[in-house]
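Read the structure below first, then the notes.
The values are calculated or read from the model by the stated rules, or taken from the named source; none is laboratory data. Only a predicted model underlies this, so the values are computations on that prediction, with no experimental measurement involved. Reconstructed Cβ throughout: ideal geometry from the backbone, glycine too, with neighbour counts over all protein chains shown.
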Amino acid sequence: MPESPAIKFENIVKTFGNIKALDGVSAEIKSGQLTGIVGPDGAGKTTLMRILATLLHADSGSVNIAGFDPKTQGQNVKDIIGYMPQRFGLYEDLSVIDNLQLYSKLRRVDEKTREKLFARLLEFTRLEPFTNRLAGALSGGMKQKLGLACALLGEPKVLLLDEPGVGVDPVSRQDLWRMVEDLTSDGMAVIWSTSYLDEAEKCAEVLLFNEGKILFNGKPDELTQTLDGRSFLLKGDADLRRKVLGVALELDDVCDGTIQGSAIRLVKKSNSSEDAIIKTAKEYDYIATHTKPRFEDAFVDLLGGGPGGHSKLADNFEIERDISQTPVACVNLTKKFGNFVATNNVSFEVKKGEIFGLLGPNGAGKSTTFKMLCGLLIPTSGTARVAGHDLRKAAKEAKSNLGYMAQKFSLYGLLSVGQNLEFSAGVYGLDGKLKRDRIDEMIDIFHLEKYLSSAPGDLPLGYKQRLALACALMHRPPVLFLDEPTSGVDPLTRREFWMHINGLVAKGVTIMVTTHFMEEAEYCDRVAMMYGGNLIALDTPDGLKASVEGKDLQNPTMEQAFIELIRRVDAQKGEAA
Amino acid sequence: MKGFSFSRLWALIIKETKQMLRDPSTFLVAGLLPIILLLLFAYAVSLDIRNLPIGMVRQSDSVKAQSISAKYSGSRYFVVHPMRDMVEAQEAIKIGTIRGIVVIPANFDERITRPSLGPIVEIVSDGTQPNTARFLANASAGVAQLWLQDNFANSPQFQAAMANRIEVIPRYWFNAEIESRRTLIPGAIAIVMTMIGTLLTAMVVAREFERGTMEALMATPASRIEILAGKLIPYFLLGLVATAICTLLAVFAFGVPLRGSLFGLFAASSAFLIPALGQGLLISSATKNQFVASQIALFAGFLPAMMLSGFIYETSSMPLPLQIMSNIVAAKYYVSSLRSVFLVGDVWSVILPNIGFMLLIGALFFFLAFRATATTLDGKK
Amino acid sequence: MKLFSPTLWAQIIKELLCVLRDKQARVGLIAPPLMQLFIFSFAVTLDVKNIDIGVYDMDGGSYAQEFVSSIAASKFVGKIAAVHSQEEIEQSIVNGKNLVGIIIPQNFSRDIINKTPPKIELIVDGRRANAGQIVVSYIETIANSMGVFTKTAVDKNPDRTGIRYWFNPTLNYFWFVVPSLAPLLVSISALGVTSMSIARERELGTFDQLLVSPATYLEIIIAKAMPAMIIGPPLGLFMVFAALTFFGVPFTGNFFLLLLSLFVHVYAVIGLGLIISAFSQTQQQAILGVFTIMVPMVLMSGFATPYENMPQFLQDIALSIPNLYTLRIVQGLFLKGQGFMDVLPSLMSLMIIGTLSLTASYFIVRNKLQ
């Protein structure tokens, strides 16, 4: 039963230089439940978390955490909060148990309870077998669980988690949810900031931030309900789905749309008719049906709708060197590091104009495979080909045919935006007028004009994403490699990104993508699942979902399919042993 | 101090120590570097010059000329290259195969007895390296003088010449053999300690900010004092361990005597670590970026310790602005203390004022560092 | 027509921009070496000045006073203090107040009158043995010239050796320090710039981006060598200019030969920087790496003390240090009037060091992908 509010803040204002990070926000956060803080990049989520953790002080307004003011009673507040910063706050060069020891002593957990607490937390996090491993050697998911365990020491009344879901695979995320649910039932107030809306949907209450203000405060359902009757699912010829989505998003009455496996999801604007949607669907022999709205639909609607469906980037895009061969292929690809087999005898081919996804939990070998395919690692055996060129024998030719967008923001921070564009064009061999034209075109399409002399690091997240895409595409490659392209990115930016990708695919570009984000997997034509270095499944997203469907699991989501496939492999191994 | 907890401090010290022991740069700076530096200062940087290549132009074939020529060949200061004539010698000194020329003139025998004819040997020294040049000149003049003494001590001319010479008898206390390594190695220890105190500390504090762990620490009940003390105490101890390693090497491997007490040695070292750590802390609180921190540490910590501590170069001989600057270089007081402890003994009249100055500089650094580190992250944005 | 392919050209521009991006970075690159040049030129002197001396005059005669006053008048002396007991003078040495204590024995004046060789005793603080030795040699010179004043014999030349200093007749320290510091500081800057280049890209994740582009390893190495190649020689040239004007050092060689030598010098240093960078995962490792080779490089190059002074094994190691050769070249060109053939062996050695180390760095970068 929710009691008096654990946290109460009124009219908080916080400015950094000219930027108002928080602009008079007020809310109450209750004990014994999970409160989500959601919003696009730069909305003020992290600033609020830091104020609650006493790391920042508000310029004005009042904050009250379980009866204490963080400004004047910081020490008391610190005694009752647990805080997990964005990068987990772990010492990577200390072992799991060392990290736990440190934080338990800092929070003055007494000697006797410590051992019991450790045992419980280790079991809770399933980290028991790894207590002596260095935190830096853990996978993303394990780090996250350890980070949570460290924040939980000293049994805080308030737990602050800043974007804990970034870069973590579905299996680990499931564990994390289970842990947090346990905690809230014990009466703890848990605050979870996230840009993943499926996470937000599971929260008891959400605070939706935009530009330093709270747009919505309440149960996610309350917001979702406002969209009743406005969400549609369109089904038909799967090969046309990207085209249909593109057309639909350009309709005046549509405010949002995404691909969901072989189907399309559309959201109608409020106070508009659904006729146009149904008419468009008919044109392509698609059937439109009403579907239950999701929190994400409501979120996008509240923020004024997603971007259109028309990619100016794709308009002018003609593949420089049209390739007749299979764009990407690997045959018996194997990579060993010492005795450890990271990729074991993997073979697949990617068709022209296909979006091919590479999925798997952290440490499954998908990044190793990905790196071999774009020439960052040399295979131990087997071959990797891009556009028919063996990466080992004709690296230069193969590399000229691919564009690459890294997971980590990897543009030259010391160069301005304009200089980054110049460099990318030049390093791919563009010269003279052609180079000038391409750069101008990118500046025009992505509206980079006003940022040309800024440092890339200072750009808003959406622009960073655009710039990275522009740099990867300047030489108009037939194959594009995307390594977790929208990790930690808010839904609006992600939509714009995929709008361009869909447009490029229509022009015959082949896309190779790794992701942890299951909604992104839905955009793929085919998905390869990797686990323990092996390829364990290769099918369309709907095919994968269907393959796990059973009487226990009806209408599975992509995330459920992922978890089930992994479970089956583990079960088989268990039997064999 | 409200809420100060020794158990928390202890936990932070344990954590820092474990991290320190896992970090390869600790071993590089506290283990390998002392060995390299001490080795270099024991062998490479010797101010005691030996084996200088000189050219010998002997224009006389007399027995005496051969005898003095042999005296040069026998000297430990020189490696003698015989030259046909002055032309060859000039060419050799120009391209640098020899650093000086000793000319024994054709009328050598006559010159010995008739000083008015000119000096018995003419010495040319390559002035491009003034210190070496002066040494070479003095040493080769010394050889000739010695030869004269050996052969003509009893001749009346020689005695007449020597009669009114004021004989200067120098005695070098504490370092009778005048080995430069004895004076340089204590200086090298100061360099190592600067690296540990300033460079390593600046980098580890900056690393906490860079990796985001400082944020997690500051959200725990640990106070600022606890966090900073938890960082500094392990490096203070590491500094003392490095002192011990360096001292063992100096005494047992390089034959530097330790005439003072271990108490004196560690008292001076502890006092020096205060300003060194304070400087490291100040640098890291000012930048929070490992790369920038290390550059500042090299520029503001290492170089002054090398150049302005009186370790190789006499500060009293420098222009006034540099002399003033050298007064706030803590290494200067440490070098002076160490030299006394190693070569003389516990000369408290030297060591105590030095310790006083080091603590004063340390207090200044800590005051500035404490003002610069904010409890909140505001400054970082 | 451009000299390089667009791929290489783009990389060179990128490397230069990374190093010279804004005013602050440019100042940060140029100012420290120049400051160091001026500070070190004054600091690096083994000359002694302002030395404090204690005198215990047991004689008190006029000859003794004359001796003391001629010492007091010399340039190297700071404070000269009379003390009144053996114990007092010994104490002033022990507590570091005086570097040298002069003891003039009781019968000093009498010996001079009696034509018995007079003696002066010196106590020197061995903690500062080097300065002490120089002071002793100064005092000996003064003692010798005293001998000339007081002597009655015909011999006007008690010193039987004629000493001349070639190339630097007055042994001016600037003539040695300033030209030698120029290549040394240039090599520290060049090492700093190149050693950061690969490490920084690795740390920030841009190296992967570069490796998936069609840029070849050879191009990457060439591009990364460029900033130091472009910045180093002009920096050195500026220091040479300072040497000629501000410090008044003469220049006897060929100017173009000096310029060529600066280029070859930077070429030799760059390879070492790239090897460090290729091994480093982070910038911190790179800077520690630079430091680890920089100190021996300075100390063993013959700048601090003569090369011949080191034991054989250190001499052998020192053969791989570029500064050893460059130091010979600049001293030769500034003071000794060396010509092309004189510096050729040193230039060849530098070329070999550069080529070997660049080749090594190429293979290290390539093999890191395995």
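Tell me which residues, restricted to region C:294-318, are farther than 19 Å from B:Ile191 by Cβ and touching a residue at least 24 places away in the same chain (Cβ under 8 Å).
Scanning region C:294-318 gives a single hit, C:Gly302.
Do we have B:Asp126 as farther than 25 Å from C:Ile329 by Cβ and either under 35 Å from the mean Cα position of the chain (by Cα) or among the charged types (D, E, K, R) (or both) here?
Spelling it out, it is not the case that B:Asp126 is farther than 25 Å from C:Ile329 by Cβ and either under 35 Å from the mean Cα position of the chain (by Cα) or among the charged types (D, E, K, R) (or both).
From the list A:Gly309, A:Gly357, which one is assigned to a loop (DSSP other than H, G, I, E, B) and at negative phi?
Details: A:Gly357 fails: assigned to a loop (DSSP other than H, G, I, E, B).
Sole residue among the options that is assigned to a loop (DSSP other than H, G, I, E, B) and at negative phi: A:Gly309.
Considering only region C:107-120, I want to know if a residue exists there that is under 19 Å from B:Gly345 (Cβ atoms) and of a type in the set (Ser, Thr, Tyr).
Step one: list which residues in region C:107-120 are under 19 Å from B:Gly345 (Cβ atoms), which gives none.
No, the conditions are met nowhere in region C:107-120.
Go through region C:21-37 and count every residue that is facing another protein chain (nearest Cβ under 10 Å), in a helix (DSSP H, G or I) and surrounded by fewer than 17 Cβ atoms within 10 Å (Cβ to Cβ).
Step one: of region C:21-37, the residues facing another protein chain (nearest Cβ under 10 Å) are C:21-22, C:25, C:28, C:32, C:35-36.
Those left that are additionally in a helix (DSSP H, G or I): C:25, C:28, C:32, C:35-36.
Adding the requirement that they be surrounded by fewer than 17 Cβ atoms within 10 Å (Cβ to Cβ) leaves C:25, C:28, C:35.
Residues that pass the stated criteria total 3.
Looking at (1) buried (at least 20 other Cβ atoms within 10 Å of the Cβ); (2) over 30 Å from C:Ser41 (Cβ atoms); (3) within 11 Å of another protein chain (Cβ to nearest Cβ); (4) within 24 Å of the chain's Cα centre (by Cα), which is the only condition B:Thr201 fails?
(3)
Does region C:98-119 hold any residues that are crowded, with 18+ Cβ neighbours inside 10 Å, modelled with pLDDT under 90 and not hydroxyl-bearing (Ser, Thr, Tyr), and which are they?
Those that are crowded, with 18+ Cβ neighbours inside 10 Å, modelled with pLDDT under 90 and not hydroxyl-bearing (Ser, Thr, Tyr): C:Phe108, C:Asp111, C:Ile112, C:Pro118.
Would you please name the residue that is nearest to the other protein chains (Cβ to nearest Cβ), looking only at residues in region C:311-336 that are outside any helix (DSSP H, G or I) and within 22 Å of B:Asp48 (Cα to Cα)?
Filtering first and then ranking leaves C:Pro311.
Any chance you could count how many residues in region A:376-390 are more than 10 Å from chain C (Cβ to nearest Cβ) and either part of a loop (DSSP other than H, G, I, E, B) or more than 29 Å from the chain's Cα centre (by Cα) (or both)?
So the count comes out to 8.
Let me confirm something: among A:Leu359, A:Leu376, A:Leu333, which residue is in contact with a helix residue (DSSP H, G or I) (Cβ under 7 Å, 6 or more places away or on another chain) and without any contact (Cβ under 8 Å) to a residue 24 or more places away in the chain?
A:Leu376
What strands (runs of 3 or more DSSP E) lie completely within region A:208-303 and have 2 or more residues being surrounded by fewer than 16 Cβ atoms within 10 Å (Cβ to Cβ)?
A:213-218, A:287-290
Condition first: of a type outside the set (Ser, Thr, Tyr) and within 14 Å of chain A (Cβ to nearest Cβ). Now tell me which residues in region B:18-70 satisfy that. Please lay out each step first, then the result.
Residues of region B:18-70 that are of a type outside the set (Ser, Thr, Tyr), as a first pass: B:18-24, B:27-42, B:44-45, B:47-59, B:61, B:63-66, B:68, B:70.
If the condition is that a residue be of a type outside the set (Ser, Thr, Tyr) and within 14 Å of chain A (Cβ to nearest Cβ), then B:Lys18, B:Gln19, B:Met20, B:Leu21, B:Arg22, B:Asp23, B:Pro24, B:Phe27 are the ones that fit.
Please determine, by comparing only the residues of region A:480-508 that are modelled with pLDDT under 90 and within 14 Å of chain C (Cβ to nearest Cβ), which one is farthest from the chain's Cα centre (by Cα).
The residue in question is A:Asp483.
Please work out if B:Ala144 is touching a residue at least 60 places away in the same chain (Cβ under 8 Å), out of contact with any Leu (no Cβ under 7 Å at 6 or more places or on another chain) and either closer than 22 Å to C:Val136 by Cα or not assigned by TED's automatic domain parsing to the domain that holds B:Ile68 (or both).
Judged against the criteria, B:Ala144 is a match.
Any residue that is within 19 Å of C:Lys75 (Cα to Cα), at pLDDT below 90 and at the interface with another protein chain (Cβ under 9 Å from one of its Cβ atoms) - is there at least one of those in region C:144-156?
yes
Kindly establish whether C:Ala73 is more than 7 Å from every other protein chain (Cβ to nearest Cβ) and surrounded by fewer than 16 Cβ atoms within 10 Å (Cβ to Cβ).
Against the criterion (more than 7 Å from every other protein chain (Cβ to nearest Cβ) and surrounded by fewer than 16 Cβ atoms within 10 Å (Cβ to Cβ)), C:Ala73 qualifies.
Just one of B:Ser309, B:Ser294, B:Ser336, B:Ser285 is in contact (Cβ under 8 Å) with a residue 24 or more places away in the chain, away from chain C (no Cβ under 14 Å) and small (Gly, Ala, Ser); which is it?
Being in contact (Cβ under 8 Å) with a residue 24 or more places away in the chain, away from chain C (no Cβ under 14 Å) and small (Gly, Ala, Ser) holds for just one of B:Ser309, B:Ser294, B:Ser336, B:Ser285, which is B:Ser285.
Kindly list, by first and then second residue, each pair from a residue in region C:343-370 that is in contact (Cβ under 8 Å) with a residue 12 or more places away in the chain and assigned to a helix (DSSP H, G or I) to a residue that is surrounded by fewer than 20 Cβ atoms within 10 Å (Cβ to Cβ) and of a type in the set (Gly, Ala, Ser), limited to pairs with Cβ atoms under 6 Å and residues at least 6 apart or on different chains.
Pairs found: none.
I want to confirm something. Restricting to region B:1-17 and keeping residues that are assigned to a loop (DSSP other than H, G, I, E, B) and surrounded by fewer than 16 Cβ atoms within 10 Å (Cβ to Cβ), which single residue is nearest to the other protein chains (Cβ to nearest Cβ)?
B:Gly3
Got a sec? Which of A:Lys366, A:Lys408 is modelled with pLDDT under 90, buried (at least 23 other Cβ atoms within 10 Å of the Cβ) and farther than 23 Å from C:Ile222 by Cα?
A:Lys366 is the lone residue from the list that is modelled with pLDDT under 90, buried (at least 23 other Cβ atoms within 10 Å of the Cβ) and farther than 23 Å from C:Ile222 by Cα.
Before we move on, is C:Thr292 within 30 Å of B:Gln290 (Cα to Cα), in the same structural domain as C:Gly192 (by TED's automatic domain parsing) and part of a helix (DSSP H, G or I)?
Considered against the rule, which asks whether it is within 30 Å of B:Gln290 (Cα to Cα), in the same structural domain as C:Gly192 (by TED's automatic domain parsing) and part of a helix (DSSP H, G or I), C:Thr292 comes out as yes.
Does any residue of region B:230-248 turn out to be more than 30 Å from B:Gly345 (Cα to Cα) and either surrounded by fewer than 23 Cβ atoms within 10 Å (Cβ to Cβ) or not hydroxyl-bearing (Ser, Thr, Tyr) (or both)?
Let us first name the residues in region B:230-248 that are more than 30 Å from B:Gly345 (Cα to Cα), namely B:230-231.
Checking which are either surrounded by fewer than 23 Cβ atoms within 10 Å (Cβ to Cβ) or not hydroxyl-bearing (Ser, Thr, Tyr) (or both) leaves us with B:230-231.
Yes; the residues of region B:230-248 include at least one that is more than 30 Å from B:Gly345 (Cα to Cα) and either surrounded by fewer than 23 Cβ atoms within 10 Å (Cβ to Cβ) or not hydroxyl-bearing (Ser, Thr, Tyr) (or both).
So A:Ile501 fits all but one of (1) among the hydrophobic types (A, V, I, L, M, F, W, C); (2) closer than 29 Å to A:Asn316 by Cβ; (3) touching a helix residue (DSSP H, G or I) at 6+ places or on another chain (Cβ under 6 Å); what number is the exception?
(3)
Between A:Gly89, A:Gly74, which is facing chain B (nearest Cβ under 8 Å) and either in contact with a Pro (Cβ under 7 Å, 6 or more places away or on another chain) or crowded, with 23+ Cβ neighbours inside 10 Å (or both)? Steps first, answer last, please.
Working: A:Gly74 fails: either in contact with a Pro (Cβ under 7 Å, 6 or more places away or on another chain) or crowded, with 23+ Cβ neighbours inside 10 Å (or both).
Checking each option against the conditions leaves just A:Gly89.
Listed here are the residues, each with its yes/no results for (1) crowded, with 20+ Cβ neighbours inside 10 Å; (2) modelled with pLDDT of 85 or more; (3) closer than 22 Å to A:Asp169 by Cβ; (4) β-branched (Val, Ile, Thr).
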residue	(1), (2), (3), (4)
A:Ser324	no, no, no, no
A:Val346	yes, yes, yes, yes
A:Gly353	no, yes, no, no
A:Lys371	yes, yes, yes, no
A:Cys374	yes, yes, yes, no
A:Ala387	yes, yes, no, no
A:Leu415	yes, yes, no, no
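Which residue is farthest from A:Ala394 (Cα to Cα), if the candidates are limited to region C:206-226 and must be among the β-branched types (Val, Ile, Thr) and within 9 Å of chain A (Cβ to nearest Cβ)?
Once the filter is applied, the top-ranked residue is C:Thr206.
Need the failing condition index for A:Lys399 against (1) outside any helix (DSSP H, G or I); (2) facing another protein chain (nearest Cβ under 7 Å); (3) surrounded by 21 or more Cβ atoms within 10 Å (Cβ to Cβ), just the number.
Checking A:Lys399 against (1) outside any helix (DSSP H, G or I); (2) facing another protein chain (nearest Cβ under 7 Å); (3) surrounded by 21 or more Cβ atoms within 10 Å (Cβ to Cβ), the one that fails is (1).
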